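Visitor: Sharing a structure, written as structure tokens. Questions coming.
The values are calculated or read from the model by the stated rules, or taken from the named source; none is laboratory data. Remember, it's a predicted structure, so these values are computed and weren't measured experimentally. Note: ideal-geometry Cβ built from the backbone for every residue, glycine included; neighbour counts use all protein chains shown.
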Amino acid sequence: MNSSSNSPTPDRLGFDAELLDELFPFHIVCDDRMQVLQFGPKLQRVVPEIGSGLSLFDALKILRPSFVPDCEAICKRQEHAFLLESVAGARLRGQAIWRERERLILFPVSPWVTDSEEAKRHNVSIADLPVHDAAREFMYIVKLQRDAVASAARAYDELQSKKQEADRMRDAAIDANRAKSVFLAMMSHEIRTPLNGVIGMLDYLMNGRLDSEPRDCVSTARDSALGLLAILNDILDLSKLEAGKMDVITAPFDLIALLDSLASLFDPQAKAKGVALRVEAIPDLHPRRSGDGNRVRQVLVNLLSNAVKFTGQGEVSLHVSTAGDIVRFEVTDSGIGIPAEQAKHLFQPFQQAHAQHTGTGLGLAICKRLAVLMGGKIEYLPAPERGSRFVIELPCPALTEPLPLGEGRAVEIAFEGPDAARLAALLGQAGWSVGGADPVIRFTPDSTARGEVRCIPWKAGATPRRALPLQPIDQARLGKLMAAQTGLGANPLAESVGTILVVDDSAVNQRVAALMLSRLGYAVDLAANGEAGVEAASKRRYDAVFMDMQMPVMNGIEATLRIRSGDGPNRETPILALTANAFESDRVDCFNAGMNSVLTKPLQLKALAEALAALRPAVVHP
Amino acid sequence: MYGLVNKAIQDLVVSGHGEQAWTNICTDAGVDTTQFVAMQNYPDAITYGLVGQVSATLGAPPEEVLKAFGRHWVKFTGREGHKDVFEMYPKGKEGLVSFLENLDDMHARMMMAMPELKPPQIYSERLSEDKLRIHYVSHRAGLGPMVTGLLDGLFEYFEVSATSEHLPADAGAGRDHDEFLVEFAHAG
């Protein structure tokens, strides 16, 4: 072995050879022709091919820097890291130092091993490396890095696996949700269809000539069936809400008309119990709002129903105010109130505030979910003295489009007070000129009927006939009475007979619809499926078409599309959907197909009449 | 190749054609993953497969894909935690020249930290004030267009106006390895 201790070069190097051996036991010294002059005492263990007098390149190749074939090129790259590799693949790392005076290149290098296996393979141990040599730490760093990368790779694989599992679960959830939707739709249809027959027939009987006792029996049966329908609706609504299948629409609705209808609905019940009912709103409440009017009504009906039910004396009130786009409904009663312990769970399903009262316990749970679905909130607050108070806040922005009614014509209000102001506001919003010249309609007080102040719309110059109760002002009745008194707009009481086509595959439903329409004065043609309906509609013009949705051969949507797209006589005829399903998506499908209105089974005479009335002037009914 | 390279290909595809395009390319290339661990070493065949599938899917010749990838690599590495490598050099011609001259040493130091790394050999030779000859040797064949793209990306990063010409290895012309001639535009 040619080590520095026997080398002729120590004087040439100009420094202590033993020191060089100790600091760099794997060093190499070459002359300017790349002949090896000496090497460190441990190098030959790693690079057995090295030998004094041999060319460096006989034993090692320079991996880096690239393109350094000779001493001159090497000298130009002294700032670069040098990597050398032996024939056996052992690697050395370090640098090159050119000694100009001695014309020598010193390579202070040391083994480049990354793990213990490699060290063993090349006869290197940690102890061989000088203490100052960072190669010791390098081995640990590389190991840590490899461990970290392996850990990251395992984490990624696990993540992939979890993602695949999540995808499978998501697909399963989608399938389950789809199955639930189908189930809900089927349940809704299958239950409502026979119920339609029951309620429809009882409704028909109620409107016929019956003696007192049979009338009571029919009335009881009808009320029971309606109660069953209400329970079914609650259950289906809650199922839909919890399945995320309930949609709310955003459409114009008349808030004042809604309040008026609530007043009309609950006034008789409240009066029968000797309870005062107050439905009021701030004077400048804009009636036309944007939101889901049906759902708003559903919530308020539920709350008012409870309020009237649980109040034996005193008052039930609904107060409406606004704050920007938010409409605030406050339903207060002087009833039995709700115990604090029950109040905590009030909005959970199947919770009854008072165990002794009947009911499914779903109403408030539905109210809560509907309020949230509409972007609002509902909360229960104890009333100041006794009773209950529910506050509902819903975003229902005002719509500036006025009610089309007056078109600038003048009206006179011949009394004063807050009710007169409210009447003036309503009429003004409907396009009437209050206090203008040559009034078309006059409102005068009639204080003779049971001491109540009522207003009587009558045509100027004519004898007043009908009176309108002032408290509360019922906008729908106001419009009808004004039209009836003055002849302005379509006369809802005008007698007219027409022919309506009923398309339904159920014989029971056909009979119910036919009986009801006959009661309203219509002749009825029947078709048992969509295809037969399209056929019938192509042969003669009808005043309206009632179209069932789910039918064999051709369903209601398809039939409507065919009628609307054809050149037949009923292309513009109003088509009303009859559906046992109450999903919003079904309603949207109906309107998209060109239907004018949607009626939900079971059919009721009143709803049928109102639906036909709403279609005027296209349809005029008795 | 290290996963960082495959991630750069992914970044190139996603930025131009979206996630679904990348997923489809991986599937069509027979690669059973769409994500790569940057510091993990993967078989070269995966990278070649991805480049080939990108070419087939996008209807672009492989050379164009490699060139686009080379150019994108500069942006990608600058973004993915290696910005400091570029920021050691000032913008402009001298910064770029200095970067190219030190590229080989950078590879050497990376090789020490990442033992499985097998980068190409690159040596930059100044021919004149405005010309460089870059010597390029790689054990991976056919990546010349990628180097052209890399140079384009570097010209853009260092904000220099320059062109490069790829001279493939040609024994008849006395070249046993690929060379790239870089010429800087005259100022003014």
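Visitor: If only one of B:Ala29, B:Ala38, B:Ala21 is in contact (Cβ under 8 Å) with a residue 12 or more places away in the chain, within 14 Å of another protein chain (Cβ to nearest Cβ) and out of contact with any Phe, Trp or Tyr (no Cβ under 6 Å at 6 or more places or on another chain), which one is it?
Guide: B:Ala38
Visitor: A follow-up question, please. I need the helices (runs of 4 or more DSSP H) fully contained in region B:41-112, keeping only those with at least 3 residues that are of a type in the set (A, V, I, L, M, F, W, C).
Guide: The qualifying helices (runs of 4 or more DSSP H) are B:44-58, B:62-79.
Visitor: Only residues that are farther than 18 Å from A:Leu277 by Cβ and not in a loop (DSSP other than H, G, I, E, B): list them for region A:322-353, please.
Guide: Once the filter is applied, which keeps residues that are farther than 18 Å from A:Leu277 by Cβ and not in a loop (DSSP other than H, G, I, E, B), region A:322-353 yields A:Thr322, A:Ala323, A:Ile326, A:Val327, A:Arg328, A:Ala340, A:Glu341, A:Gln342, A:Ala343.
Visitor: On to the next question. Is region A:149-172 home to any residue that is more than 30 Å from A:Gln38 (Cβ to Cβ), crowded, with 18+ Cβ neighbours inside 10 Å and modelled with pLDDT under 90?
Guide: Yes: region A:149-172 contains one or more residues that are more than 30 Å from A:Gln38 (Cβ to Cβ), crowded, with 18+ Cβ neighbours inside 10 Å and modelled with pLDDT under 90.
Visitor: Only one of A:Phe67, A:Phe82, A:Phe107 is closer than 25 Å to A:Glu137 by Cβ and either within 12 Å of chain B (Cβ to nearest Cβ) or in contact with a Ser or Thr (Cβ under 8 Å, 6 or more places away or on another chain) (or both); which?
Guide: A:Phe82
Visitor: Consider region A:206-255. How many of its residues are in contact with a strand residue (DSSP E or B) (Cβ under 7 Å, 6 or more places away or on another chain) and buried (at least 18 other Cβ atoms within 10 Å of the Cβ)?
Guide: Going through region A:206-255 one residue at a time, the tally reaches 2.
Visitor: Another question about this same structure. Regarding B:Asp84, is this residue within 12 Å of another protein chain (Cβ to nearest Cβ) and either more than 29 Å from B:Asn24 (Cβ to Cβ) or not basic (Lys, Arg) (or both)?
Guide: The answer is no for B:Asp84.
Visitor: Within region A:507-622, which helices (runs of 4 or more DSSP H) (wholly inside it) include 3 or more residues that are within 25 Å of A:Leu202 (Cβ to Cβ) and at pLDDT below 85?
Guide: A:507-519, A:605-614
Visitor: Continuing with the same structure: For region A:136-147, does any single residue satisfy the condition of being acidic (Asp, Glu), within 13 Å of another protein chain (Cβ to nearest Cβ), under 51 Å from the mean Cα position of the chain (by Cα) and exposed (fewer than 13 other Cβ atoms within 10 Å of the Cβ)?
Guide: Looking for residues that are acidic (Asp, Glu), within 13 Å of another protein chain (Cβ to nearest Cβ), under 51 Å from the mean Cα position of the chain (by Cα) and exposed (fewer than 13 other Cβ atoms within 10 Å of the Cβ), one finds at least one in region A:136-147, hence yes.
Visitor: Being touching a residue at least 40 places away in the same chain (Cβ under 8 Å) and of a type outside the set (S, T, N, Q) is the filter here, so list the residues in region A:165-189 that pass it.
Guide: Selection gives A:Lys180, A:Leu184, A:Ala185, A:Met187, A:His189.
Visitor: Same structure, new question: Quick one: which strands (runs of 3 or more DSSP E) sit completely within region A:186-291 and have at least 1 residues that are at positive phi?
Guide: A:288-291
Visitor: Could you run through region A:500-536 and say how many residues are under 38 Å from the mean Cα position of the chain (by Cα), hydroxyl-bearing (Ser, Thr, Tyr) and within 20 Å of A:Ile563 (Cβ to Cβ)?
Guide: So the answer is 0.
Visitor: Looking at region A:129-148, is at least one residue of a type in the set (Phe, Trp, Tyr) and assigned to a strand (DSSP E or B)?
Guide: No, there is no match, as no residue in region A:129-148 is of a type in the set (Phe, Trp, Tyr) and assigned to a strand (DSSP E or B).
Visitor: Let me ask another. In a loop (DSSP other than H, G, I, E, B), at the interface with chain B (Cβ under 9 Å from one of its Cβ atoms), surrounded by fewer than 19 Cβ atoms within 10 Å (Cβ to Cβ) and over 60 Å from the mean Cα position of the chain (by Cα), is that true of A:Glu118?
Guide: Taking the combined requirement at face value, the residue does not satisfy it.
Visitor: Now, a different point. Among (1) more than 14 Å from every other protein chain (Cβ to nearest Cβ); (2) under 30 Å from A:Val47 (Cα atoms); (3) small (Gly, Ala, Ser), where does A:Ala176 come up short?
Guide: Among (1) more than 14 Å from every other protein chain (Cβ to nearest Cβ); (2) under 30 Å from A:Val47 (Cα atoms); (3) small (Gly, Ala, Ser), the lone unmet condition for A:Ala176 is (2).
Visitor: Could you list, in sequence order, the residues of region B:122-141 that are more than 8 Å from chain A (Cβ to nearest Cβ), within 18 Å of A:His80 (Cα to Cα) and aliphatic (A, V, I, L, M)?
Guide: B:Ile134 - this is the single residue of region B:122-141 that is more than 8 Å from chain A (Cβ to nearest Cβ), within 18 Å of A:His80 (Cα to Cα) and aliphatic (A, V, I, L, M).
Visitor: Of all residues in region A:436-448, how many are surrounded by fewer than 19 Cβ atoms within 10 Å (Cβ to Cβ), at pLDDT 75 or above and within 15 Å of A:Gly417 (Cα to Cα)?
Guide: Final tally of qualifying residues: 0.
Visitor: Right, next: Look through region B:87-121, keep the residues that are over 27 Å from A:Ser110 (Cβ atoms) and of a type in the set (Gly, Ala, Ser), and return whichever of them is farthest from the other protein chains (Cβ to nearest Cβ).
Guide: B:Gly92
Visitor: Which of the residues belonging to region A:539-588 are β-branched (Val, Ile, Thr) and surrounded by fewer than 20 Cβ atoms within 10 Å (Cβ to Cβ)?
Guide: Residues satisfying the conditions are A:Val553, A:Val588.
Visitor: Right, something else. Of the conditions (1) within 27 Å of B:Ser138 (Cα to Cα); (2) more than 60 Å from the chain's Cα centre (by Cα), A:Ile105 fails just one. Which one is it?
Guide: Here A:Ile105 clears every test but (1).
Visitor: Let me ask something else. List the residue pairs whose Cβ atoms are under 9 Å apart, where the first residue sits in region A:43-64 and is within 14 Å of chain B (Cβ to nearest Cβ), the second is polar (S, T, N, Q) and not in a loop (DSSP other than H, G, I, E, B), and the two are 6 or more positions apart or on different chains.
Guide: Here the result reads A:Lys61/A:Ser86; A:Leu63/B:Gln121; A:Arg64/B:Gln121, each pair linking region A:43-64 to a residue that is polar (S, T, N, Q) and not in a loop (DSSP other than H, G, I, E, B).
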